[in-house]
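Heads up, the thing below is written out as structure tokens.
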Amino acid sequence: MMRRLILLILMLVLLPAAGSLSGRRAHAAEQNDEAILAFVAKSLRVERGEIAIVANELDKTVTVGGAPAAYLGSTWNIAKTAGYSGRPIDVLVLVDTKAVIRGTLLIAQQEPVLTLGIRPEEIVAFVDGFSGYDLNQTLKPGERRAGVPDAIAGATISSGVIRSGVVRTARTLAGLHGLIAGEGGRQINMTSAA
């Protein structure tokens with residue numbers, strides 16, 4: 001009898017808490033959707049109200065005024081980008097219809113080297129640095145141009161992993177939608193110019 005009473009009390013206490021947890025998750029998802037809309041609008045330089053995002057099997061199509069303007073994909077969902085520690089590194093990659101990376105947004109990362117000793121601003125600046133990378137242009141070793149950020153000092157392996165994930169995701173998006181041909185965007189030099 002006592003066990004039933006304890007079980008009943010636990011259910012009465014825990015069930016409402018579980019409900020509020022799912023409510024918090026829904027609220028967090030809504031906030032995340034708003035953050036993604038803001039990121040896309042800023043990257044494409046359009047008003048949020050002009051944008052619609054339609055989920056596809058692997059990625060999302062971004063339309064502006066009803067016409068496809070870009071494609072959005074996750075480095076974790078598409079390239080399974082994991083850091084040196086094996087933990088996921090998730091960056092949203094926005095590729096326009098001309099196969100140019102228009103923006104990147106760090107969603108999640110738990111790399112120990114990136115959480116200890118590296119300032120968050122350095123990581124954000126590195127991830128933001130891919131904007132302007134044209135997948136139709138082959139990158140020559142040592143070449144410096146828009147969309148090719150230098151590695152983060154003290155985190156060159158993690159920088160390479162992020163870079164690889166961003167470029168592979170962008171190439172997948174562009175290839176999936178028929179935006180690239182040949183070798184464009186495949187090579188990317190990891191050495192920094194001295």
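The values are calculated or read from the model by the stated rules, or taken from the named source; none is laboratory data. For clarity, every value in this text was computed on a predicted model and none was experimentally measured. Counting neighbours? That spans all protein chains shown, and the Cβs are built from the backbone with ideal geometry, glycine included. Ligands, DNA and RNA are stripped out before the accessible areas are found, and what is left, the full protein with its side chains, is counted by its heavy atoms. Shrake-Rupley method; radii C 1.70, N 1.55, O 1.52, S 1.80 Å.
What to note about this one:
- Residues (in a loop (DSSP other than H, G, I, E, B) and modelled with pLDDT under 85) located in region 110-141: Gln110, Glu111, Leu116, Gly117, Ile118, Arg119, Gln137, Thr138, Leu139, Lys140, Pro141
- For beta carbons closer than 9 Å, sequence separation of 6+ or different chains, a first residue in region 160-182 that is under 12 Å from Thr97 (Cβ atoms) and open to solvent by less than 40 Å² (accessible area, probe 1.4 Å) and a second that is at pLDDT 85 or above and of a type in the set (S, T, N, Q), the qualifying pairs are Ala174/Asn136; Leu179/Thr97; Leu179/Asn136; Ile180/Asn136.
- Here Met190 meets the list (1) open to solvent by 10 Å² or more (accessible area, probe 1.4 Å); (2) of a type in the set (A, V, I, L, M); (3) at pLDDT 65 or above almost entirely, failing just condition (3).
- Scope region 47-89; condition of a type in the set (A, V, I, L, M) and in a loop (DSSP other than H, G, I, E, B); matching residues: Leu58
- Test for Ala155: is it modelled with pLDDT under 70 and open to solvent by 60 Å² or more (accessible area, probe 1.4 Å): no
- Selection count where residues are loosely packed, with under 14 Cβ neighbours inside 10 Å and farther than 25 Å from Gln109 by Cα, scope region 34-51: 5
- For region 78-103, the set of residues classified as touching a helix residue (DSSP H, G or I) at 6+ places or on another chain (Cβ under 7 Å) and not hydrophobic (A, V, I, L, M, F, W, C) consists of Thr81, Gly83, Tyr84, Ser85, Pro88, Asp90, Arg102, Gly103, listed by residue number.
- Candidate set: region 90-104, residues that are open to solvent by 10 Å² or more (accessible area, probe 1.4 Å), in a strand (DSSP E or B) and not basic (Lys, Arg); chosen: the one farthest from Arg163 (Cα to Cα): Asp96
- Residue tally, condition modelled with pLDDT of 85 or more and open to solvent by 30 Å² or more (accessible area, probe 1.4 Å), over region 79-89: 1
- Only one of the numbered conditions (1) under 17 Å from the mean Cα position of the chain (by Cα); (2) within 17 Å of Arg48 (Cα to Cα); (3) open to solvent by 50 Å² or more (accessible area, probe 1.4 Å) is not met by Gly65, and that is (1).
- Filter result for Asp59 (modelled with pLDDT of 85 or more, charged (D, E, K, R), open to solvent by less than 20 Å² (accessible area, probe 1.4 Å) and at negative phi): yes
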